[in-house]
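**Q** Pasting a structure below so you can have a look.
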Amino acid sequence: MADLRRARAGVIGGSGIYTIPGLAEVEERWIETPFGLPSDSLRIGHLQGMETVFLARHGRHHNLLPGEVPYRANIWAMRSLNVRWLISVSAVGSLQEHLRPRDMLVPDQLIDRTIGRPQTFFGEGCVAHVSLADPFCPNLSELVADAAASSLPEGQLLHRGGTYLCMEGPAFSSRAESELFRSWGCSVIGMTNHTEARLAREAELAYASLSMVTDYDCWHQDHHAVTVGMVIANLQANASATDPILNQLMQRLNQERPESAAHSALAEALVTSMDQVPAKTRERLDLLTSPYWGKWDQP
């Protein structure tokens with residue numbers, strides 16, 4: 001298992017979450033990765049004693065579509081800063097009656113409906129197949145859920161477990177699509193988490209999601225079709241509730257530093273023999289593969 005004594009926690013903020021107000025001693029850093037620049041600078045600081053790295057998924061001015069987010073650069077940058085626990089704070093639509101706007105869900109499963117996004121660090125001469133049977137880390141998800149359950153204001157509920165349907169976007173669902181996803185038993189719908197979860201697993205990061213319900217998608221008979229105004233109003237309410245959740249979560253993470261199966265996800269996943277991987281590919285993947293192949297020394 002990884003040495004977690006000096007590891008950091010990471011937070012990726014989605015729509016409406018562009019900063020962590022309580023983050024102290026902040027240093028901003030742009031990180032050039034083999035996959036380009038991340039969505040924004042990474043803000044490194046302390047939250048309840050835990051070294052924490054924050055990144056605005058869509059940029060601090062929200063100028064990136066879900067399909068434009070540089071997911072590989074974002075996750076690679078987090079891993080390069082020794083982040084080993086990564087929490088996604090994301091806006092979602094509800095696909096079930098009991099998941100009301102302004103409630104929160106910590107999902108445990110994913111379905112992918114995106115189109116053509118880069119979803120792996122591997123390729124170009126190196127093959128790896130990680131397990132994604134449980135895409136969210138159960139240990140980290142439990143900590144996130146516990147922090148949310150004890151911190152949410154009266155009237156907002158926390159739901160443990162459920163399936164996150166990841167759609168391409170940026171348009172919201174048609175009613176037919178919404179009903180189809182409901183028939184599959186999906187709980188919420190969003191546009192980002194599946195891509196992050198796959199890459200986080202390859203980067204050996206424990207990943208969990210705090211999904212903030214903003215609307216009933218468009219299936220609900222008693223609610224109008226989703227509008228940006230509706231989403232933003234509920235986003236603002238949810239965003240104010242995340243601060244105490246993250247504070248409590250970081251306090252526990254700092255004390256417990258839980259191990260995760262994700263922290264050694266590549267141990268049984270690397271298929272290509274090390275000596276058969278092209279030099280450029282091996283160099284690009286060194287951040288991820290060096291625990292198993294040793295540090296790459298460029299000739």
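**Q** Being among the β-branched types (Val, Ile, Thr) and more than 22 Å from the chain's Cα centre (by Cα) narrows it down to one of Val188, Val213, Val271, so name that one.
**A** Val271
**Q** On to the next question. Would you say Arg117 is assigned to a loop (DSSP other than H, G, I, E, B), among the basic types (Lys, Arg) and more than 30 Å from Arg284 (Cα to Cα)?
**A** No, not satisfied.
**Q** Hey, can you tell me all the residues within the stretch 133-166 that are in a helix (DSSP H, G or I) and of a type in the set (Gly, Ala, Ser)?
**A** Passing the criteria: Ser141, Ala145, Ala147, Ala148, Ala149, Ser150, Ser151.
**Q** So, one more: Restricting to the stretch 103-120, what's the tally of residues that are farther than 14 Å from Ala197 by Cβ and surrounded by 19 or more Cβ atoms within 10 Å (Cβ to Cβ)?
**A** The qualifying residues number 3.
**Q** Show the residue pairs that are 6+ apart or on different chains and have beta-carbon atoms under 8 Å apart, the first residue being within the stretch 167-183 and outside any helix (DSSP H, G or I), the second being surrounded by 19 or more Cβ atoms within 10 Å (Cβ to Cβ) and among the acidic types (Asp, Glu).
**A** Phe172/Asp217; Ser173/Asp217
**Q** Could you check the stretch 256-299 and list, in sequence order, the residues that are part of a loop (DSSP other than H, G, I, E, B) and polar (S, T, N, Q)?
**A** Hits for the stretch 256-299 are Ser260, Thr272, Ser273, Gln298.
**Q** Looking at the stretch 274-290, which of its residues are within 23 Å of the chain's Cα centre (by Cα) and of a type outside the set (Asp, Glu)?
**A** Correct list: Arg284, Leu285, Leu287, Leu288, Thr289.
**Q** Under 7 Å by Cβ, and 6 or more places apart or on different chains, what pairs join a residue from the stretch 20-49 that is free of Cβ contacts under 8 Å to residues at least 40 places away in the same chain with one that is assigned to a loop (DSSP other than H, G, I, E, B) and loosely packed, with under 13 Cβ neighbours inside 10 Å?
**A** Leu37/Trp30; Ser41/Trp30
**Q** Could you list, in sequence order, all residues of the stretch 65-97 that are surrounded by fewer than 24 Cβ atoms within 10 Å (Cβ to Cβ), hydrophobic (A, V, I, L, M, F, W, C), more than 13 Å from the chain's Cα centre (by Cα) and under 24 Å from Ala233 (Cβ atoms)?
**A** Leu65, the sole residue that qualifies.
**Q** In the stretch 23-38, which residues are surrounded by fewer than 18 Cβ atoms within 10 Å (Cβ to Cβ) and either in contact with a Gly (Cβ under 9 Å, 6 or more places away or on another chain) or within 13 Å of Leu81 (Cα to Cα) (or both)?
**A** If the condition is that a residue be surrounded by fewer than 18 Cβ atoms within 10 Å (Cβ to Cβ) and either in contact with a Gly (Cβ under 9 Å, 6 or more places away or on another chain) or within 13 Å of Leu81 (Cα to Cα) (or both), then Ala24, Glu25, Val26, Glu27, Glu28, Arg29, Trp30, Ile31, Glu32 are the ones that fit.
**Q** In the stretch 1-47, what residues are under 22 Å from Pro291 (Cα atoms), in a strand (DSSP E or B) and more than 18 Å from the chain's Cα centre (by Cα)?
**A** The answer is Thr33, and nothing else.
**Q** Spot the failing condition for Glu51; the list is (1) among the acidic types (Asp, Glu); (2) assigned to a loop (DSSP other than H, G, I, E, B); (3) surrounded by 16 or more Cβ atoms within 10 Å (Cβ to Cβ), and only one is missed.
**A** In the conditions (1) among the acidic types (Asp, Glu); (2) assigned to a loop (DSSP other than H, G, I, E, B); (3) surrounded by 16 or more Cβ atoms within 10 Å (Cβ to Cβ), Glu51 misses (2) alone.
**Q** Check the stretch 212-230 and report whether any residue there is touching a Gly at 6+ places or on another chain (Cβ under 9 Å) and assigned to a helix (DSSP H, G or I).
**A** Scanning the stretch 212-230 turns up no residue that is touching a Gly at 6+ places or on another chain (Cβ under 9 Å) and assigned to a helix (DSSP H, G or I).
**Q** Can you tell me which of (1) in a helix (DSSP H, G or I); (2) closer than 30 Å to Gln298 by Cα; (3) touching an Asp or Glu at 6+ places or on another chain (Cβ under 8 Å) is the one Ala200 doesn't meet?
**A** Going through (1) in a helix (DSSP H, G or I); (2) closer than 30 Å to Gln298 by Cα; (3) touching an Asp or Glu at 6+ places or on another chain (Cβ under 8 Å) one by one, Ala200 breaks only (3).
**Q** Taking only the stretch 1-44 into account, find how many residues are modelled with pLDDT of 95 or more and closer than 23 Å to Val69 by Cα.
**A** Result for the stretch 1-44: 23.
**Q** Listed residues Leu235, Leu253; which is modelled with pLDDT of 95 or more, surrounded by 13 or more Cβ atoms within 10 Å (Cβ to Cβ) and in a helix (DSSP H, G or I)?
**A** Numbers: Leu235 fails: modelled with pLDDT of 95 or more.
The unique qualifying residue is Leu253.
The values are calculated or read from the model by the stated rules, or taken from the named source; none is laboratory data. Computed from a prediction, not measured in an experiment: that's the story for all the values here. Ideal geometry is used to build each Cβ from the backbone, glycine not excepted, and the neighbour counts take in all protein chains shown.
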